[in-house]
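> My questions will all concern the structure given below.
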Amino acid sequence: MGESTIQNAFGYLTAPEIAFLDAAVERLIPTDELGPGARDAGVTVYIDRQLFSAWGTHGRNYRSGPWRDGTPEQGYQSRLTPQEIYRIGIREINDHCRATHKSPFDQLQPERQDAVLKALEKDEIALPSLSAKLFFTLLWRNTEEGYFADPMYGGNRGKAGWKLLGFPGLPSGAYMERLDKSEPYRAEPVSILDVQFGQAQVDAQGFVKHVMIKHEAGK
């Protein structure tokens with residue numbers, strides 16, 4: 001079983017929800033000249049994996065009331081689980097888009113998708129069952145996580161997020177040898193999956209052996 005197989009199965013999301021999230025995350029981190037966007041990096045798969053886990057049901061959280069509005073410092077305060085926020089939120093946002101634009105979110109033109117996402121962020125869309133801002137905040141947080149987390153969690157396909165940042169992934173013993181040098185540390189990023197599938201070597205101490213990227217003049 002290879003990395004592509006690991007990253008392509010869904011456990012919780014339905015087809016309409018996948019279509020919504022593929023469209024939404026691609027607008028949040030779009031494909032451009034710097035590399036793949038969130039959709040091609042597998043962020044929807046990452047979100048699905050999280051929703052399918054204990055986190056998605058808040059299986060380890062205290063879930064009895066009272067339910068009161070909290071401060072930003074108090075963190076997550078909703079009575080709804082992440083699974084419920086995504087399922088209800090996507091359905092109600094699609095209902096809003098059909099009523100306003102005659103089509104579900106994923107079938108809108110990119111500029112209209114951007115307008116809907118900005119309205120959600122500003123809490124300017126009145127959803128029947130939950131705060132639009134609550135939905136957007138969770139979506140944006142999970143999109144960032146999925147784009148930059150280790151690919152073993154389903155996102156960051158091809159290490160797209162790490163390559164964008166120049167992050168080498170798992171640590172290497174070569175770090176210590178280069179601490180006193182001024183040039184950037186440029187290496188092909190290595191993930192946990194790379195080690196598990198034998199696609200990266202480790203040294204006697206268990207550190208990965210990075211393949212260094214040759215520096216081109218002027219870059």
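The values are calculated or read from the model by the stated rules, or taken from the named source; none is laboratory data. Because the structure is predicted, anything quoted here is derived from the model rather than measured. Cβ: placed from backbone, ideal geometry, glycine included. Neighbour counts: every protein chain shown. Accessible surface is based on the protein model in full, side chains and every heavy atom, while ligands, DNA and RNA are left aside. Shrake-Rupley method; radii C 1.70, N 1.55, O 1.52, S 1.80 Å.
> Calculate I(q)/I(0) for region 79-134 by the Debye formula, one identical point scatterer on each C-alpha and no solvent, and give its log10 at q = 0.24 Å⁻¹ to two decimals.
Those come out to -0.96, one per q.
> Angle between the Cα long axis of helix 15-28 and the longest principal axis of the chain, 0 to 90 degrees, nearest 10?
Computed tilt is about 60 degrees.
> Based on the mean of other beta carbon atoms within 10 Å per residue, what is the order of 26-34, 155-163, 38-46, most packed first?
38-46, 155-163, 26-34
> Can you send over the solvent-accessible area of residue 152, 1.4 Å probe, protein chains only, in Å² to the nearest 10?
60
> For the chain, what is the relative contact order in percent, using Cα pairs closer than 8 Å and at least 6 residues apart in sequence?
20
> Then there is this: Computed from the coordinates I sent, mean projected area of the Cα convex hull in nm² equals one of (i) 10.3; (ii) 11.8; (iii) 15.8. Tell me the label.
Among (i) 10.3; (ii) 11.8; (iii) 15.8, the one calculated here is (iii).
> Residues of the chain: accessible area per residue at 1.4 Å, in Å²?
Details: 12680 Å² over 219 residues.
Using a 1.4 Å probe on heavy atoms only, each residue of the chain averages 58 Å².
> Enumerate the amide H contacts of residue 103 below 5 Å, restricted to partners 5 or more residues apart or on another chain; note that Pro and chain-start residues carry no placed amide H.
Distant-sequence amide H within range of residue 103: 98.
> Next question, about the same structure. Based on alpha-carbon atoms only, what is the radius of gyration of region 120-219 relative to the globular estimate 2.2 N^0.38 Å?
1.49
> Please go through the residue pairs 163/209; 159/214; 118/163; 122/159; 181/209; 181/214 and name each one whose alpha carbons sit more than 21 Å apart in this structure.
Check vs 21 Å cut-off fails for 118/163; 122/159.
> Starting from the Cα of residue 185, step 7 Å along the direction of its Cβ; do the same at residue 60; then give the gap between the two resulting points in nm.
Spacing of the two 7 Å Cα→Cβ label points: 2.9 nm.
> Helix-only mean residue ellipticity at 222 nm, the chain, DSSP H runs n ≥ 4 weighted -39,500 (n - 2.57), per residue, nearest 500. What is it?
The helix-only estimate for the chain comes to -13000 deg cm²/dmol at 222 nm.
> Collect residues whose amide H, placed 1.01 Å from N in the peptide plane, falls under 5 Å from the amide H of residue 187; neighbours closer than 5 in sequence don't count.
For residue 187, whose amide H was placed from the backbone, the distant partners under 5 Å are 213.
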